[in-house]
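K.L.:
Encoded as structure tokens, here's the structure I'll be asking about.
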Amino acid sequence: MSPTFYSEYANVLIFFLVGAAFVVLNVAVVSRLLRPHTAEANKDSTYECGEPTVGSAWVRFDIRFYTVALVFIVFDVEVAFLYPWAVVFQRLSGAGPFALLEMLIFVAILAVGLVYVWAKGDLDWVKSMDAQADRARP
Amino acid sequence: MGATLAKSLFVLLALLHLVPVLVYLERKLSAWIQDRRGPNRVGPWGVLQPVADAVKLLFKEEVIPAGADRGLYRWAPALAFVPPMLAFAAIPFGNRIGTESLVVSDIPVGVLFVLTIGSLSVYGIAFGGWASNNKWALLGGVRSSAQMVSYEVALGLALVSVLMVSGNVGMQEIVRRQTGSFSLAGVPLPAWNVFQQPVAFVVFMAAAFAENNRLPFDLPECETELVAGYHTEYSSMRFALFFMGEYVAMITMSGLAVTLFLGGWHLDPFTDPDSGTWAQGAISVLVFGAKTLAVLLVYIWVRWTLPRFRYDQLMGLGWKGLVPLALANVAATALIWGPEAGTMP
């Protein structure tokens, strides 16, 4: 790696330090000195439409959020693999249609995953609720 | 080192000063669209309203709800604010002065850097929602995470076809590739990627609205269902950081759209890509600023024109609409500008 490769990231570090200094200065120094600190039990209670809270705030949420996260990881990695190919694509003219076919096969394998999730109804918020109701019925 | 510091300060100050301007413009434009007056009490035409808001937030007491995860609660707003700001480091805001390229850091993999760092802000929102010990905040945070990761795939796929046309991941190089002109059906056009990749641009902008949690995709904080979503329990400067983070993310996304699709700092008769004088450098910065502001005005215009999506429609559009469309666009780009067809016009 050339020295400029690292110096460009050093520039990012400088920029990060300047930005982080802004956050720390405003939140932890200036505002802390200026704002009042009068803690009180009622003030610190959790907001729930003005009523006393019911049960834990860490409620159970829908499992489909996890499904979405899993599908996301698969496709995000796919996109990451597509980038280097996309950049050199025009320079692959010597390879003929091979470069194109190879990537189409790679994308097709992943597209099968999308079709599977689609057919299972996991991308379909309301429909999979119907499916759950069907399963619950005797 | 000195030049980097100067550029860093310039970008940071520009970003932080653009936020109150945007807040004011948003309130004023929304008022005009809805036939109201908008802020008009603080200063002439209400221009000092954002300053008054900032001072108010600075003096507000900070309330940390009982039972909150205090460590995560304190750090989440910084995690939501710093990544979109840091992502701007790789976006070229001008051509060059002398030999100094007008970008904080001209990383060879600029596009990847912006996407990687920019997507980190999802942690701030997820942590903020989880740590608040509040049901609205938790649901808002989970919804927001699912939405942001879903549309990130569409965003990334839209950029693949742009990279195929550009043949480079360095931001300044991508801008340089767009400085020429080409003709589409006999009509001479600047060689901006928006004309060469219109489908990718539409997918990118739709995904960008969703990534920034803007209407019509602002479900994470849709106030009629979730009070204020992930920042329900936040107050004082920590709320301000979330708020500013959202606007900085918008600015960064607009800057990315300008760089990748709208020709960056170049506008044909005004800027000269081969000149390194101070005057030319200043003009290129102004051109970049004007284009970015134009995209930001579209954000505001869309927000006050379109109604909100339902959550199932949102996920449906992302996975069944934009992702297949972007994939088809990649395939079409590969076939049209394939290796056999030779290089792009």
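The values are calculated or read from the model by the stated rules, or taken from the named source; none is laboratory data. The structure displayed is predicted, hence computed values, not measured ones. Because the Cβ atoms are built from the backbone with ideal geometry, glycine has one as well, and the counts that use them run over all protein chains shown. These area figures cover heavy atoms from the full protein model, side chains too; ligands, DNA and RNA do not enter into them. Shrake-Rupley method; radii C 1.70, N 1.55, O 1.52, S 1.80 Å.
K.L.:
At 1.4 Å probe size, with every protein chain present, just tell me what the per residue accessible area of the protein assembly as shown comes to in Å².
P.N.:
Accessible area per residue, the protein assembly as shown: 46 Å².
K.L.:
Just add up the charged neighbours of residue B:156: K/R +1, D/E -1, any other residue whose Cβ is under 15 Å from the Cβ of residue B:156.
P.N.:
-4
K.L.:
Let me ask something else about it. Looking at the square roots a ≥ b ≥ c of the eigenvalues of the Cα gyration tensor of region A:3-44, which shape do they give, rounded for a/c under 1.5, prolate if a/b is larger than b/c, or oblate?
P.N.:
The shape class here is prolate.
K.L.:
Then there is this: Which residues of region B:55-90 bury at least 40 Å² of accessible area once all protein chains are present, versus their chain alone (1.4 Å probe)?
P.N.:
Relative to the lone chain, where solvent access is computed with a 1.4 Å probe, region B:55-90 loses at least 40 Å² at B:58, B:59, B:61, B:63, B:82, B:85, B:86.
K.L.:
Relative to a virtual label point 7 Å from the Cα of residue B:32 in the Cα→beta-carbon direction, which members of region B:253-295 show backbone nitrogen distances below 19 Å?
P.N.:
Answer for this model: B:290-295.
K.L.:
Let me ask you something else. Got a sec? Which residues of region A:37-69 lose 20 Å² or more of accessible surface with every protein chain in place, vs. that chain alone, 1.4 Å probe?
P.N.:
A:43, A:44, A:46, A:47, A:48, A:49, A:57, A:58, A:59, A:61, A:65, A:68
K.L.:
Still on this model: For region A:26-78, state which trypsin sites (Lys or Arg not before Pro) are in a DSSP loop and have at most 13 other beta carbons lying within 10 Å of their beta carbon. Kindly include the intermediate steps, with their values, before the conclusion.
P.N.:
Values: sites: A:32, A:43, A:60, A:64; in loops: A:43, A:60.
Hits after loop and neighbour filter: A:43, A:60.
K.L.:
Computed from the mean reciprocal separation of all distinct C-alpha pairs, what Kirkwood hydrodynamic radius does region B:60-340 have, in Å?
P.N.:
It works out to 19.7 Å.
K.L.:
Once each part is reduced to its C-alpha centroid, what is the distance from region B:289-307 to region B:130-181 in angstrom?
P.N.:
The distance from the Cα centre of region B:289-307 to that of region B:130-181 comes to 18 Å.
K.L.:
A further question on this structure: Apply the Karplus parameterisation 6.51 cos²θ - 1.76 cosθ + 1.60, with θ equal to phi minus 60°, to every residue of region A:31-36 and state each ³J(HN,Hα) to the nearest whole Hz, in sequence, with x for glycine and proline.
P.N.:
Once θ is set to phi - 60°, the couplings for region A:31-36 become 5, 5, 6, 8, 7, x Hz.
K.L.:
Amide H neighbours of residue B:182 under 5 Å, at least 5 residues apart or on other chains, H built in the peptide plane: list them.
P.N.:
Result for residue B:182 returns B:189, B:191.
K.L.:
Could you run the Karplus curve 6.51 cos²θ - 1.76 cosθ + 1.60 with θ = phi - 60° over region B:244-253 and give me ³J(HN,Hα) per residue in whole Hz, x for Gly and Pro?
P.N.:
Calculated HN-Hα couplings, in order: 5, x, 4, 6, 5, 4, 4, 5, 4, 5 Hz.
K.L.:
A follow-up question, please. Which net charge results for the neighbourhood of residue B:8, defined as the other residues with beta-carbon distances under 14 angstrom from its beta-carbon, given Lys and Arg at +1 and Asp and Glu at -1?
P.N.:
It works out to a net charge of -2.
K.L.:
Can you show me the helix-derived [θ] at 222 nm for the protein assembly as shown, built from DSSP H runs with n ≥ 4 at -39,500 (n - 2.57) apiece and divided by the number of residues, rounded to the nearest 500. Working shown, then result.
P.N.:
Numbers: 19 runs with 299 residues, N = 483.
Result for the protein assembly as shown: -20500 deg cm²/dmol, rounded to the nearest 500.
K.L.:
What total accessible surface area, summed over both chains, is buried at the interface between chains A and B, computed with a 1.4 Å probe and given in Å² to the nearest 100?
P.N.:
6600
K.L.:
Something else about it: Rounded to whole Å, give me the distance from the Cα center of region B:6-84 to that of region A:61-104.
P.N.:
The two parts, judged by their Cα centres, are 38 Å apart.
K.L.:
Assuming R0 = 25 Å, can you tell me the calculated FRET efficiency for the pair residue B:235 and residue B:298, based on Cβ-Cβ distance, to the nearest 0.05?
P.N.:
The calculated FRET efficiency here is 0.20.
K.L.:
Using heavy-atom solvent-accessible surface (probe 1.4 Å) with all chains present, what is the largest-first order of A:106, A:89, B:270?
P.N.:
B:270, A:106, A:89
K.L.:
Also, I was wondering about something else. With 29 Å as the limit, write out which pairs from B:7/B:28; B:28/B:56; B:291/B:320; B:135/B:291 have Cα-Cα distances beyond it, or answer none.
P.N.:
With Cα atoms farther than 29 Å apart: B:7/B:28; B:291/B:320; B:135/B:291.
K.L.:
Right, here's the next one. Computed FRET efficiency, Cβ-Cβ of residue A:105 and residue B:313, R0 35 Å: what is it to the nearest 0.05?
P.N.:
Calculated value: 0.60.
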